[in-house]
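**Student:** Once you've had a glance at the structure underneath, I'll fire off some questions.
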Amino acid sequence: MNKNIKLAVAGAVLALSASAANAGIIIPAGDWTLDIGGNVNTFATWTRHTGTASIYGGYEGFVGGANSTSTKTASNITTGLLPNYLSVSGTTRQNDLDVAFTISINPGSSTTQGGIQTGNLNQENRQAFMTFGDKSWGSIKLGKDLGIFAGDAILNDMTLLGVGSGAGALAGNTTTIGRIGTGFIYADWKSQVAYTTPNFNGFQATIGLTQGWNTRASTSAGSLGTTGRSGSQTAYEGKASYSFAANDVTGKVWVSGISQKIETTTALDEDRAWGADIGATVSAGNFGLTGYYYSAEGLGTTIQFLDAYTSAGVQRSSDGGYVQGTYVLPTKTKLGVSWGESNLDRAGADATTLLKSNEMWAAGLYHPLTKHLNLVAEYAHSTSENHAGAENKNRTASFGGILFF
């Protein structure tokens, strides 16, 4: 599996499972070395939703299932947090530069409508970028890839190999959402121009410009709309990390941030949204521990710039984080337990039915059946609460497998 896919698709696999592939399908092609890699995954899921609250904001309907005051159940057979992934990458050395490219496609594995097997609901394209550089001065990336801010939060989430929450809202190529919105804001896939430094004895940094995004609003029905606020300039994103190893202890500490100007009530009225985070992960023998925290203004919750502003253009504050512990059993099965929460504050004249928090407990077993194949069983319990104190709860059990090549 090529380096970029390891980082952007299966970055958590090396930390969570001994069955990760070390390389994809390598093909020499003249001056180039091509690498074909990816994953296939499918899970059977069972979700039970119990509701007492009318909640809008933070795409609560997607996070936990239907935004309803009734009891509902749903069972689906679908992909987990990761979509199915097929990536073609190429590397070469030319004029004292390491040059590379990656292009990926993400076919869906499930549909809820007979006779419909093609179209936008069944196809995504998450990566299309090139890099060039040298180990002496670093590398430059041009194109679409995983966002810089909060990227490490999702790559260290144990549910990256499984389902987490969101399994009850299946539609076309929709993946589940793992812990997105219940501990961190989604880094997403962004067009970018970024520079990454060489690795200085474990320290490395990335700075970049990413495409400015418009703000979005969720409704009481759980759908997404627009607030009329637009990203007036490209965003600035950056990350710094330090990786260390000593005897049986390895780990990584990182910080990242994002800043973007947002047009509010008029084209001349601009505001600046920002977010910052800090995280760390440590492994010692068979034990692993991860901790993460973020804080933001005007960045919203769950998805970047979702419900970030009121209809009058007032910024909302948000924060959250998660903690996660893992242990490798003698059978090589990894047991993981995690808790996380994302919070959204009221602003201006917001109603008390605005989402206040999404919280999730999760437990999972991740067993390396072969070098490349993992069997996964998970249970997740999520709670969405509005500012009036009313709650909706969702319980999801899942079982399936994920194959990396």
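**Student:** Any residue in the stretch 178-199 that is free of Cβ contacts under 8 Å to residues at least 40 places away in the same chain sitting within a Cβ distance under 6 Å of a residue that is among the charged types (D, E, K, R) and assigned to a strand (DSSP E or B)? List the pairs, counting only those 6 or more apart or interchain.
**Tutor:** No pair meets every condition.
**Student:** Being over 18 Å from the mean Cα position of the chain (by Cα), free of Cβ contacts under 8 Å to residues at least 60 places away in the same chain and surrounded by fewer than 19 Cβ atoms within 10 Å (Cβ to Cβ) is the requirement here; does His372 meet it?
**Tutor:** no
**Student:** If Ile262 passes every condition in (1) at pLDDT 90 or above; (2) over 30 Å from Pro198 (Cα atoms) but one, which one does it miss?
**Tutor:** Condition not satisfied by Ile262: (1).
**Student:** Only residues in the stretch 324-337 that are closer than 17 Å to Leu289 by Cβ count as the first member; pair them with residues that are of a type in the set (Ser, Thr, Tyr), Cβ under 6 angstrom, at least 6 apart or cross-chain, and list the lot.
**Tutor:** Listed pairs, sorted by first residue: Gln324/Thr290; Gln324/Ser338; Lys334/Thr326; Lys334/Tyr366; Leu335/Tyr327; Gly336/Thr326.
**Student:** Going by the structure shown, is Ala221 over 30 Å from Thr174 (Cα atoms), at pLDDT below 95 and more than 20 Å from the chain's Cα centre (by Cα)?
**Tutor:** It is false that Ala221 is over 30 Å from Thr174 (Cα atoms), at pLDDT below 95 and more than 20 Å from the chain's Cα centre (by Cα).
The values are calculated or read from the model by the stated rules, or taken from the named source; none is laboratory data. Only a predicted model underlies this, so the values are computations on that prediction, with no experimental measurement involved. Glycine also receives a Cβ, built like all others from the backbone with ideal geometry; neighbour counts cover every protein chain displayed.
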